[in-house]
Amino acid sequence: MKLLVTAATTLEVQPFLHFLDRESHTVSAHQYRLANCDIQILVAGIGMMPFAYHLGRHLATHRPDFAVQAGIAGSFRRDWELGSLVMVDREYLADLGAEDNEQFKDLFDIQLWQPSQPPFTGTALVNTFAGLPYIPQLPKATSASVNMVSGSTHSITRLESKYMPDIESMEGAAFHYACLSEKIPFLQIRSLSNYVEIRDKSKWNIPLSVKTLNEELISIVKSLASLS
């Protein structure tokens, strides 16, 4: 099995990289082998533009059987504790469009895109989880991908009323778009590092979210290795 593990930053997957250094055979600086599972690592950058560019370059020459995106995210839901894990089944491009006076309209609203044009389902990038060799037992989440993370009541209210997201990230839609377009089975795993609110980093728990994210990522890879 050829597995791609991608993240926006090294910080988010550093414990997983340490695990691979200890437990797997290093093929190259970014490629490992665990049992019969070939694992490639791609740190693709923060934000949809760099992430899409680096992921596209990678997929042009290395087609995986399965792709996993791992990262931290902000949660709109207060009933989900920080450090909790989710898998994203639905992504929205939540700030690509136009302002019309005080109203935001996305590309579907202004008819530059049509609902369900490939690779969209309606106006969302939907992972059906079809063809996956392994699916973790995690809650499913709807995500809003943004270029500017929300930090005001106005921005938060706009996203919640239009897309009803559970979480917010800066790269998920780029990952979904690429994998759906290339018909690559994929999984986006997010650990909740903060609540989406007026920005206050003293309330964030990045160490905990990185810890739980990497524990799950190691578990997923061990399960895949045992299948291959």
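The values are calculated or read from the model by the stated rules, or taken from the named source; none is laboratory data. The structure displayed is predicted, hence computed values, not measured ones. Please note: Cβ atoms are built from the backbone with ideal geometry, for glycine as well, and neighbour counts cover all protein chains shown. Note: areas computed on protein heavy atoms with side chains; ligands, DNA, RNA excluded. Shrake-Rupley method; radii C 1.70, N 1.55, O 1.52, S 1.80 Å.
Listing for the model above:
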{"quantity": "Filter pass, GLU168 being part of a helix (DSSP H, G or I), open to solvent by less than 60 Å² (accessible area, probe 1.4 Å) and not hydrophobic (A, V, I, L, M, F, W, C)", "calculated": "no"}
{"quantity": "Qualifying residue in the range 207-225 (condition: on the phi > 0 side of the Ramachandran plot and either of a type outside the set (Gly, Ala, Ser) or within 17 Å of the chain's Cα centre (by Cα) (or both))", "calculated": "no"}
{"quantity": "Listing of strands (runs of 3 or more DSSP E) fully contained in the range 1-59 that carry 1 or more residues being among the hydroxyl-bearing types (Ser, Thr, Tyr)", "calculated": "2-7, 25-28, 31-34"}
{"quantity": "Strands (runs of 3 or more DSSP E) within the range 85-132 that include 3 or more residues under 21 Å from the mean Cα position of the chain (by Cα)", "calculated": "85-93"}
{"quantity": "Residue selected from the range 11-43 under the condition closer than 19 Å to GLU216 by Cβ and charged (D, E, K, R), by the criterion least open to solvent (accessible area, probe 1.4 Å)", "calculated": "GLU12"}
{"quantity": "Cβ pairs under 6 Å, 6+ apart, first in the range 95-113 and closer than 19 Å to ILE156 by Cα, second open to solvent by 40 Å² or more (accessible area, probe 1.4 Å) and charged (D, E, K, R)", "calculated": "GLY97/LYS105; ALA98/LYS105; PHE104/ARG158"}
{"quantity": "Residue identified as closer than 23 Å to LEU96 by Cβ and not hydrophobic (A, V, I, L, M, F, W, C) among SER202, SER181, SER226, SER219", "calculated": "SER181"}
{"quantity": "Residues of the range 133-147 classified as hydrophobic (A, V, I, L, M, F, W, C) and in a loop (DSSP other than H, G, I, E, B), total", "calculated": "3"}
{"quantity": "Test: residue in the range 204-218 that is farther than 20 Å from GLY47 by Cα, part of a loop (DSSP other than H, G, I, E, B) and modelled with pLDDT of 95 or more", "calculated": "yes"}
{"quantity": "Any pair with Cβ under 8 angstrom, 6 or more apart, that starts in the range 49-76 at a residue that is open to solvent by less than 10 Å² (accessible area, probe 1.4 Å) and ends at one that is acidic (Asp, Glu) and outside any strand (DSSP E or B)", "calculated": "PHE51/GLU171; GLN69/GLU171; ALA70/GLU12; GLY71/GLU12; GLY71/GLU171; SER75/ASP166"}
{"quantity": "Among residues of the range 72-84, those that are outside any loop (DSSP other than H, G, I, E, B) and farther than 14 Å from GLU215 by Cβ, counted", "calculated": "3"}
{"quantity": "Conditions (1) closer than 17 Å to GLU81 by Cα; (2) surrounded by fewer than 22 Cβ atoms within 10 Å (Cβ to Cβ); (3) of a type in the set (S, T, N, Q); number of the one not met by SER152", "calculated": "(1)"}
